[in-house]
1. Mind counting the residues in region 14-28 that are touching a strand residue (DSSP E or B) at 6+ places or on another chain (Cβ under 6 Å) and surrounded by fewer than 18 Cβ atoms within 10 Å (Cβ to Cβ)?
2. Would you confirm whether any residue within region 32-42 is more than 19 Å from residue 149 (Cα to Cα) and over 14 Å from the mean Cα position of the chain (by Cα)?
3. Does residue 16 count as within 29 Å of residue 133 (Cβ to Cβ) and more than 17 Å from the chain's Cα centre (by Cα)?
4. Tell me yes or no: at least one residue of region 123-137 is surrounded by 21 or more Cβ atoms within 10 Å (Cβ to Cβ), closer than 23 Å to residue 64 by Cβ and modelled with pLDDT under 85.
5. Scan region 49-78 for residues that are farther than 17 Å from residue 25 by Cα and in a strand (DSSP E or B) and report the count.
6. Can you confirm whether region 143-157 contains a residue that is modelled with pLDDT under 85 and not in a loop (DSSP other than H, G, I, E, B)?
7. Is region 117-135 home to any residue that is under 25 Å from residue 56 (Cβ atoms) and not in a strand (DSSP E or B)?
């Protein structure tokens, strides 16, 4: 018998689909991980709508955490608190810092892709942050958070036939 991937997970919108433009960092919604043993952020990156991406003009996908919702003192996750298999513009994941789990630096390699990061840090709240280096092109992006292994299973009850 196969187990389903619906009943054991809770899904949240971590970043509403939008055009990410140069000029300001973008932060996603606060995700409360209390009561769950796993947390994963999945980011969908669309095609660029203009401009250029390079090592000097790129977006950086970052994971931040904190213990209180709404507090302005968010901090970046350490590499040891993130699970991913990224080799991006900044190098292998083990060399990344400041919460970065992907650098989007090429319109051909990074556009229309999905990136995921798991969180295993000690804090209750997490969020996605998209920062920029230089003046990267505009990209459409959106993200979901998937929380799992809640003590009260099933989390989602399927509709009966």
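The values are calculated or read from the model by the stated rules, or taken from the named source; none is laboratory data. Computed from a predicted structure; not experimentally measured. Reconstructed Cβ throughout: ideal geometry from the backbone, glycine too, with neighbour counts over all protein chains shown.
1. 6
2. no
3. no
4. yes
5. 2
6. Within region 143-157, none of the residues are modelled with pLDDT under 85 and not in a loop (DSSP other than H, G, I, E, B).
7. So far as region 117-135 goes, yes, one or more of its residues are under 25 Å from residue 56 (Cβ atoms) and not in a strand (DSSP E or B).
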